[in-house]
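Chemist: Following this message is one structure expressed as structure tokens.
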Amino acid sequence: QVQLVESGGGLVQTGGSLRLSCAASGRAFSSYALGWFRQAPGKEREFVSTVTWGSGSTVYSESVKGRFFAYRENAKNTVYLQMNNLKPEDTAVYYCAAGLKNGRRLASEYDYWGQGTQVTVSS
């Protein structure tokens with residue numbers, strides 16, 4: 001069992017930056033792949049990034065590639081999402097998730113979810 005709690009969301013202007021954190025409790029954090037997803041009002045949950053267990057390598061969606069950077073610190077049981085050059089279309093509730101398989105982009109392939117944190121980018 002893994003419990004996840006996101007933080008770091010807020011209101012930022014276009015072009016600004018935010019860093020989201022996702023703190024995990026429970027066993028074997030380092031054995032889980034960690035994903036970031038987002039959901040805007042009226043839209044389906046969308047894949048943003050995933051960080052593998054083991055090497056900590058990353059995969060990004062095309063919409064955030066080059067602007068967002070995900071990384072994990074296993075010693076702190078935390079995964080981060082550094083978001084730069086934010087755009088109004090990045091406005092959404094951001095969720096972190098944990099799963100056993102690396103490189104997954106589908107929300108259904110993750111077993112544990114946080115409660116989400118709101119990110120709002122003003123134009």
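The values are calculated or read from the model by the stated rules, or taken from the named source; none is laboratory data. Just so we're clear, the structure is a prediction, and the values are computed from it rather than from any experiment. Note that each Cβ is placed from the backbone with ideal geometry, even for glycine, and that neighbours are counted across all protein chains shown. With ligands, DNA and RNA removed, areas are computed over all heavy atoms of the protein, side chains included. Shrake-Rupley method; radii C 1.70, N 1.55, O 1.52, S 1.80 Å.
Chemist: Please work out the average accessible area per residue across the chain, using the 1.4 Å probe convention, and give it in Å².
Modeler: So the chain comes to 50 Å² accessible per residue, rounded to a whole number.
Chemist: Please get the size of the charge dipole for the range 1-121, origin at its Cα centre, with Cβ charges of +1 on Lys and Arg and -1 on Asp and Glu, quoted in debye to the nearest 20.
Modeler: In debye, rounded to 20, the range 1-121 gives about 180.
Chemist: While we're looking at this one, here's another question. Given springs between every Cα pair under 10 Å in a Gaussian network model of the chain, which of Gly66, Gly42, Gly16 has the largest fluctuation?
Modeler: Gly42
Chemist: Using label points projected 7 Å from each Cα along Cα→Cβ, tell me how many nm separate Thr14 and Thr120, to one decimal.
Modeler: It is 1.8 nm.
Chemist: Provide the per-residue ³J(HN,Hα) series for the range 97-114, in order, calculated from phi with Karplus coefficients 6.51, -1.76, 1.60 and θ = phi - 60°, each as a whole number of Hz, with x at glycine and proline positions.
Modeler: 8, 10, x, 8, 9, 6, x, 8, 10, 8, 4, 5, 8, 10, 9, 10, 9, x
Chemist: Sticking with this one: Heads up, I need the accessible area for Glu89: 1.4 angstrom probe, whole protein in place, Å², nearest 10.
Modeler: Its heavy atoms expose roughly 120 Å² to the probe.
Chemist: Please report, as a whole percent, how much of the solvent-accessible surface of the range 44-95 comes from carbon and sulfur atoms (probe radius 1.4 Å).
Modeler: Using a 1.4 Å probe with all protein chains present, the range 44-95 comes out at 50 percent carbon and sulfur.
Chemist: Could you calculate the contour length gain from Lys76 to Glu89, that is, 0.36 nm times the residue separation minus the distance between their Cα atoms, to one decimal place in nm?
Modeler: 1.6 nm
Chemist: So between Gln1 and Ser57, what do we pick up on full extension, going 0.36 nm a residue minus the alpha carbon distance?
Modeler: So the extension gain works out to 17.8 nm.
Chemist: If you don't mind, there's one more thing I want to ask. So what's the convex hull volume per residue for the Cα atoms of the chain, in Å³?
Modeler: Hull volume normalised by residue count: 89 Å³.
Chemist: So which lysines can Lys43 reach, going by Cα to Cα under 30 Å and dropping same-chain residues fewer than 8 places off?
Modeler: Once the sequence-local lysines are set aside, what remains near Lys43 is Lys65, Lys87, Lys101.
Chemist: Given a 10 angstrom Cα cut-off, can you work out which residue in Ser108, Ser63, Ser30 is the most mobile in a GNM of the chain?
Modeler: Of the options given, Ser108 has the highest mean-square fluctuation.
Chemist: While we're here: Relative to the present Cα-Cα distance, how much length would full extension add between Lys65 and Leu106 at 0.36 nm per residue of separation?
Modeler: Working it through step by step, the gained length comes to 13.0 nm.
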